[in-house]
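Since the structure comes first, as structure tokens, the remarks are kept for the end.
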């Protein structure tokens, strides 16, 4: 970014109207933003296997309960974030932005990160001296099927906008087989999905 561009950006931020546009509630009042934050706070506590495993409940809350996003917007938000470089949790930021701009982004990201980060830090310190105990090994083994089930439910939710199309089921099957039977990276499968969608087959 050049010097004039930086100056122009700072000048825009100094404009009160511009600040309202960036930081305003974007259609959500303070109570709705607090509810959004609180919901993602609770989801953070059950995000076994990562935030993506709680996508079904995010969809239930944002699409069906609140009506802030459509099924297509929800799926597109996750697809965009997964295709972009960076951590997988970026999809939470995209969802928050699409719901309520910058305040929504802050509400969803703070909600999903604060409890999980705090618990991960505390648990890692506690497990450092207890990793080989029977109870910890049993607990860790029990998390594996739970994570798989949550990931399956996430995949089911993401197919909702195109579930009635045979081409979508074919794409899901190809993706599943490629994931289970090969070492193809997920980015290639995402690219395949993008090409199929761009061609109008799904």
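The values are calculated or read from the model by the stated rules, or taken from the named source; none is laboratory data. Model, not experiment: these values are computed from the prediction. So basically every Cβ, Gly included, is an ideal-geometry build from the backbone, and we count neighbours across all protein chains shown.
If you go through region 47-73 and keep only what is touching a residue at least 60 places away in the same chain (Cβ under 8 Å) and in a helix (DSSP H, G or I), you end up with 51, 52, 53, 54, 55, 56, 59, 71, 72.
Within region 111-129, the set of residues being surrounded by 10 or more Cβ atoms within 10 Å (Cβ to Cβ) and over 27 Å from the mean Cα position of the chain (by Cα) comprises 126, 127. Among the residues of region 90-100, is any surrounded by fewer than 17 Cβ atoms within 10 Å (Cβ to Cβ) and at pLDDT below 95? The answer is no; no qualifying residue exists. Condition (residue is under 20 Å from residue 55 (Cα atoms) and either without any contact (Cβ under 8 Å) to a residue 24 or more places away in the chain or under 24 Å from the mean Cα position of the chain (by Cα) (or both)) applied to region 134-142: is it met by at least one residue? Scanning region 134-142 turns up no residue that is under 20 Å from residue 55 (Cα atoms) and either without any contact (Cβ under 8 Å) to a residue 24 or more places away in the chain or under 24 Å from the mean Cα position of the chain (by Cα) (or both).
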